[in-house]
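To keep things clear, I will list the structure first and then write my remarks on it.
The values are calculated or read from the model by the stated rules, or taken from the named source; none is laboratory data. These numbers were taken from a predicted model, which means no experiment stands behind them. Don't worry about glycine lacking a Cβ; one is built from the backbone with ideal geometry, like all the others, and counts go over all protein chains shown.
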Amino acid sequence: MSKSIPKEQGLDQTLNILKEGYEFIPNRTKKFNSNVFEIRVLGGKRAIVISGKEAAELFYDNEKIERAGTLPKRLVNTLFGKGAIHTTTGATHKDRKSLFMSLMTENNLEYLRKLTRNYWYTDTERLQMKEQTNVYLESTLVLLKIGFRFADVPFDTPERMEQYAKDMNAMVNSFGSIGTVYSGYKKALDARSRVEDYLEKQIKLTRKGKLNPEAGSGLYEFSHWKDMNGNHMDARLAAVDLMNTIRPLVAINRFISFGVLAMHEYPGERAKVAKDENSYAYKFAQEVRRYYPFVPFLPGKAKTDFTFEGYKFDKETMIILDIFGTLHSESLWNNAEQFYPERFEHWDGSPFDLIPQGGGDYYTNHRCAGEWMTIIIMEETMKYFAREIQYDVPAQDFTVDRTKLPGQVKSGMIIENIRNNFDRRQ
């Protein structure tokens, strides 16, 4: 006989989710003393929330859970794009995912590492000319340039590149109004349309032979790829998915500002990252991804009837995986509320506990194909801020409000008086 699932009272918890943000699910797992509970969301739709490592293993079991069709339509339209790979399932998803994974070659990832080093280093002169730098905003533009160059997409005018950086940021910020009517929806749609228009144009020029991107680059592969039926993707759809190789890189601006904050607030971290003994920059990057708020939760639905931890789940039931709470679970992470990169010295690399960008297998699940890219960019960017420059940190609001979606440093993380970290007289 199955156990009774604890229920949160109320006709709809959507507004409470927006009010409590990342703390909504952890507050209720504590309240019910259970990693499984039931809520109503998105107009009163029944959903079962699950949290923890075993919950992640369940969520990424393709025989029991599917993701297609579970995200709010407006969020799909703004964050991922109409027809994006995130909305597919089964053979179609695996087929499209193989295209994304084809970009993750050893040489391509090493190229990304070099790009990250070079673009930050060449940005130093620009930083030195500014009275103050907002790390969050500056990262947005630098990451867009890295993303375009990695995909071998030609740069537009400087003014339009600045606009595209703002556009990418608007798309990511649209997550903060999930499931509600909000004024920023059209703004986010317009932002997506501008970037998609530009990328679609580059794809069409490539297919006509008027552009010749490097083989192995995003623009080349998305322009020439054929699906399992031997057909090219529609140029607009190809632009949508090409965007989904660049937009996630721009979203790393949050991790970068978090990382600079951590080096400021936790004594000794900056020096350890600069020395990078025993790959410390890697451990630091992983702890930033674990500790600070990024993705709060992810939706799916039951493909069949099944039982989990004694609770019965019916087919078609909405399932919500608690990402943030899993990353802060004391049963998984000793002293989970402590920022402690050394915890990754003996981490077993499980695909179901460190899940800030999804879990499971890269090739068959919805785990973000760009996770490797995120870690590389974070390693090199943190080493840049720790090694290559000196800067001062003025008084500002360092708050990271866990009740706000998506998470970010309140001030954006302001630095000033930037100078090279070496003495040319020696």
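Could you give every pair whose Cβ atoms fall below 7 Å, whose first residue belongs to the range 311-334 and is within 23 Å of Ser4 (Cβ to Cβ), and whose second residue is among the basic types (Lys, Arg) and not in a strand (DSSP E or B), counting only separations of at least 6 or pairs across chains?
Lys315/Lys303
Rundown of residues vs (1) of a type in the set (Ser, Thr, Tyr); (2) crowded, with 18+ Cβ neighbours inside 10 Å, yes/no style:
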{"residue": "Ala285", "(1), (2)": "no, yes"}
{"residue": "Thr304", "(1), (2)": "yes, no"}
{"residue": "Asn335", "(1), (2)": "no, no"}
{"residue": "His346", "(1), (2)": "no, no"}
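Would you mind listing the helices (runs of 4 or more DSSP H) fully within the range 1-61 where at least 3 residues are among the aliphatic types (A, V, I, L, M) and touching a Pro at 6+ places or on another chain (Cβ under 9 Å)?
none
From the residues in the range 85-118 that are buried (at least 19 other Cβ atoms within 10 Å of the Cβ) and either touching an Asp or Glu at 6+ places or on another chain (Cβ under 7 Å) or charged (D, E, K, R) (or both), which one is farthest from Phe385 (Cα to Cα)?
Arg96
Cβ contacts < 7 Å: first residue in a loop (DSSP other than H, G, I, E, B), restricted to the range 405-424; second residue acidic (Asp, Glu), any location; separation 6+ or different chain. Result?
Correct list of pairs: Lys410/Asp397; Lys410/Asp401; Ser411/Asp397; Asn421/Glu388.
Quick test of your reading of the structure: Thr364 fulfils all but one of (1) of a type outside the set (Gly, Ala, Ser); (2) within 23 Å of Ile256 (Cα to Cα); (3) in a loop (DSSP other than H, G, I, E, B); (4) modelled with pLDDT under 95. Name the failing condition by number.
(2)
Please list, ordered by residue number, the helices (runs of 4 or more DSSP H) wholly in the range 73-160 having 1 or more residues that are closer than 30 Å to Asn417 by Cα and free of Cβ contacts under 8 Å to residues at least 12 places away in the same chain.
106-122, 124-129
Which residue is modelled with the lowest pLDDT, if the candidates are limited to the range 287-302 and must be of a type in the set (Phe, Trp, Tyr) and either surrounded by 23 or more Cβ atoms within 10 Å (Cβ to Cβ) or not in a strand (DSSP E or B) (or both)?
That would be Phe294.
Applying the selection to the range 192-245, what residues are in contact (Cβ under 8 Å) with a residue 24 or more places away in the chain, outside any helix (DSSP H, G or I) and either of a type in the set (A, V, I, L, M, F, W, C) or under 23 Å from Asn107 (Cβ atoms) (or both)?
Within the range 192-245, Leu211, Pro213, Glu214, Gly216, Ser217, Trp225, Met228 qualify.
Pick from the range 313-357 the residues that are in a loop (DSSP other than H, G, I, E, B) and of a type in the set (S, T, N, Q): which of them is modelled with the lowest pLDDT?
Gln357
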